[in-house]
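Chemist: Input: one structure, supplied below.
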Ligand code: KG4
Ligand code: ZN
């Protein structure tokens with residue numbers, strides 16, 4: 001659950017993120033029913049905290065932006081209902097935001113000097129996609145994953161290796177101690193054209209390797225580190241290769257990486273190397289803007305409001321795709 005107060009679409013006055021890691025940790029993944037119940041419990045306090053930290057009274061707000069989807073429907077409904085009620089009580093406009101537009105807006109939120117055109121690489125727990133961003137147009141998707149998202153693959157590999165949840169940071173930390181060339185995992189789809197991704201085959205390859213080694217006795221620390229490092233190397237190589245290809249094919253000179261996996265150290269290092277070799281510019285929002293937060297939703301909402309978009313109380317949340325947005 002998160003709430004933020006943003007001025008003028010770019011100036012973050014407060015950004016409160018209340019995680020749910022302790023709630024879901026015992027289950028090794030997000031339990032939707034527990035997530036929505038926690039949202040009901042915390043929504044008022046989180047919004048209140050965002051206003052207090054910003055030293056802004058609710059009567060000073062000029063609009064409400066709220067995530068309409070995609071995501072877990074129960075949690076989305078809590079935020080949407082609260083946003084509607086607040087906008088109605090204050091008599092101010094409300095605009096629904098697509099979660100991915102929020103992630104893409106985090107690039108411009110982090111760097112006011114960033115101007116289109118650029119390539120957006122969105123890497124999160126639910127999505128892996130490339131977008132061409134042009135001024136005044138909605139983002140144009142160039143390619144996306146055909147199965148798992150890259151963050152989801154990190155989370156599943158963490159589970160296979162017994163590294164806990166959330167998996168991305170844990171796999172990445174274990175990988176630091178291992179050899180990235182210990183096992184040659186597949187680089188799915190790189191032998192094909194197009195800009196799509198696939199990560200489920202890579203995940204299966206990791207599962208088979210874990211099974212094979214476990215069959216020879218318990219996994220050692222060094223097995224875990226080598227598997228983590230080799231998996232990470234394969235996943236990151238796929239992302240970087242596709243991003244380079246998309247920049248080249250579309251004549252773009254700037255890359256922005258957004259979403260939770262943008263926190264990954266190896267991804268940052270490999271993009272920096274590629275940028276030096278190919279001569280493109282690259283930027284990553286700071287970590288607190290890479291992972292899910294409400295400031296990016298406010299920024300995307302401000303862009304929509306500036307385009308004249310408004311939503312009524314009949315707006316509904318949606319779990320997949322682009323819903324009513
Ligand atoms: O964007 P995000 O906060 O939430 C959504 O999925 O929308 O992304 C969360 C994802 C999780 O899958 C998490 O494991 C991954 O980002 N992640 C990382 C790292 N930090 C977070 N993956 C790889 N390396 C990291 N350092
Ligand atoms: Zn996200």
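The values are calculated or read from the model by the stated rules, or taken from the named source; none is laboratory data. Since the structure is predicted, the reported quantities are computational estimates derived from the model, not experimental observations. Because the Cβ atoms are built from the backbone with ideal geometry, glycine has one as well, and the counts that use them run over all protein chains shown.
Chemist: Note down all Cβ pairs under 6 Å where the first residue falls in segment 133-152 and is farther than 25 Å from residue 304 by Cβ, the second is part of a strand (DSSP E or B) and within 14 Å of ligand 2 (Cβ to nearest atom), and they're at least six residues apart or on different chains.
Modeler: 145/128; 150/123; 150/128
Chemist: Any residue at all in segment 295-312 that is within 16 Å of the chain's Cα centre (by Cα), farther than 25 Å from residue 134 by Cβ and at pLDDT 90 or above? Give the derivation first.
Modeler: As a first pass, look at segment 295-312 and keep what is within 16 Å of the chain's Cα centre (by Cα): 295-300.
The next check asks that each one be farther than 25 Å from residue 134 by Cβ; those that pass are none.
No, there is no match, as no residue in segment 295-312 is within 16 Å of the chain's Cα centre (by Cα), farther than 25 Å from residue 134 by Cβ and at pLDDT 90 or above.
Chemist: Residue check, residue 153 against (1) touching a helix residue (DSSP H, G or I) at 6+ places or on another chain (Cβ under 7 Å); (2) away from ligand 1 (no atom under 16 Å from the Cβ), all met but one. Which one?
Modeler: Of everything listed in (1) touching a helix residue (DSSP H, G or I) at 6+ places or on another chain (Cβ under 7 Å); (2) away from ligand 1 (no atom under 16 Å from the Cβ), residue 153 misses just condition (2).
Chemist: Let me ask another. Which of the residues that make up segment 98-122 are outside any strand (DSSP E or B), more than 16 Å from ligand 2 (Cβ to nearest atom) and surrounded by 22 or more Cβ atoms within 10 Å (Cβ to Cβ)? Steps first, please.
Modeler: In the first step, residues of segment 98-122 are kept if they are outside any strand (DSSP E or B); the result is 99-117.
Right, trim to more than 16 Å from ligand 2 (Cβ to nearest atom) and you get 108, 111-117.
Passing the criteria: only 108.
Chemist: Identify, from the list 202, 177, the residue that is free of Cβ contacts under 8 Å to residues at least 60 places away in the same chain, within 14 Å of ligand 1 (Cβ to nearest atom) and either assigned to a loop (DSSP other than H, G, I, E, B) or surrounded by 15 or more Cβ atoms within 10 Å (Cβ to Cβ) (or both). Give the derivation first.
Modeler: On the way: 177 fails: within 14 Å of ligand 1 (Cβ to nearest atom).
Being free of Cβ contacts under 8 Å to residues at least 60 places away in the same chain, within 14 Å of ligand 1 (Cβ to nearest atom) and either assigned to a loop (DSSP other than H, G, I, E, B) or surrounded by 15 or more Cβ atoms within 10 Å (Cβ to Cβ) (or both) holds for just one of 202, 177, which is 202.
Chemist: Among the listed residues 95, 46, 56, identify the single one that is away from ligand 1 (no atom under 16 Å from the Cβ), assigned to a loop (DSSP other than H, G, I, E, B) and in contact (Cβ under 8 Å) with a residue 40 or more places away in the chain.
Modeler: Values: 95 fails: assigned to a loop (DSSP other than H, G, I, E, B); 46 fails: assigned to a loop (DSSP other than H, G, I, E, B).
Answer to the selection: 56.
Chemist: Which residues, counting only those in segment 250-274, are surrounded by 14 or more Cβ atoms within 10 Å (Cβ to Cβ) and out of contact with any helix residue (DSSP H, G or I) (no Cβ under 9 Å at 6 or more places or on another chain)?
Modeler: Across segment 250-274, the qualifying residue is only 250.
Chemist: Out of the residues in segment 158-171 meeting the condition of being over 15 Å from residue 221 (Cα atoms) and buried (at least 23 other Cβ atoms within 10 Å of the Cβ), tell me which one is modelled with the highest pLDDT.
Modeler: Among residues in segment 158-171 that are over 15 Å from residue 221 (Cα atoms) and buried (at least 23 other Cβ atoms within 10 Å of the Cβ), the one modelled with the highest pLDDT is 168.
Chemist: Take the conditions in contact (Cβ under 8 Å) with a residue 40 or more places away in the chain and surrounded by 14 or more Cβ atoms within 10 Å (Cβ to Cβ) and apply them to residue 300. Does it pass?
Modeler: Details: in contact (Cβ under 8 Å) with a residue 40 or more places away in the chain: yes; surrounded by 14 or more Cβ atoms within 10 Å (Cβ to Cβ): yes.
When the stated conditions are applied, residue 300 passes them.
Chemist: Please go through (1) assigned to a loop (DSSP other than H, G, I, E, B); (2) within 16 Å of ligand 2 (Cβ to nearest atom); (3) closer than 14 Å to residue 119 by Cα for residue 325 and return the number of the only condition it doesn't satisfy.
Modeler: Answer for residue 325: the failing condition is (3).
Chemist: Now for a different question. Answer yes if at least one residue in segment 315-325 is under 16 Å from residue 172 (Cβ atoms) and in contact with a helix residue (DSSP H, G or I) (Cβ under 8 Å, 6 or more places away or on another chain), and no otherwise.
Modeler: Looking only at segment 315-325, we keep the residues that are under 16 Å from residue 172 (Cβ atoms), and these are none.
The answer is no, given that none of the residues of segment 315-325 is under 16 Å from residue 172 (Cβ atoms) and in contact with a helix residue (DSSP H, G or I) (Cβ under 8 Å, 6 or more places away or on another chain).
Chemist: Now a separate question. Given the conditions (1) away from ligand 2 (no atom under 16 Å from the Cβ); (2) surrounded by fewer than 24 Cβ atoms within 10 Å (Cβ to Cβ), which single one is not true for residue 235?
Modeler: The number of the failed condition is (2).
Chemist: Restricting the search to segment 123-162, which residues are within 15 Å of ligand 2 (Cβ to nearest atom), touching a strand residue (DSSP E or B) at 6+ places or on another chain (Cβ under 9 Å) and not in a loop (DSSP other than H, G, I, E, B)?
Modeler: Passing the criteria: 123, 128, 129, 131, 144, 145, 150, 151, 152.
Chemist: Given the conditions (1) surrounded by fewer than 18 Cβ atoms within 10 Å (Cβ to Cβ); (2) in contact with a helix residue (DSSP H, G or I) (Cβ under 8 Å, 6 or more places away or on another chain); (3) more than 18 Å from residue 168 (Cβ to Cβ), which single one is not true for residue 207?
Modeler: (3)
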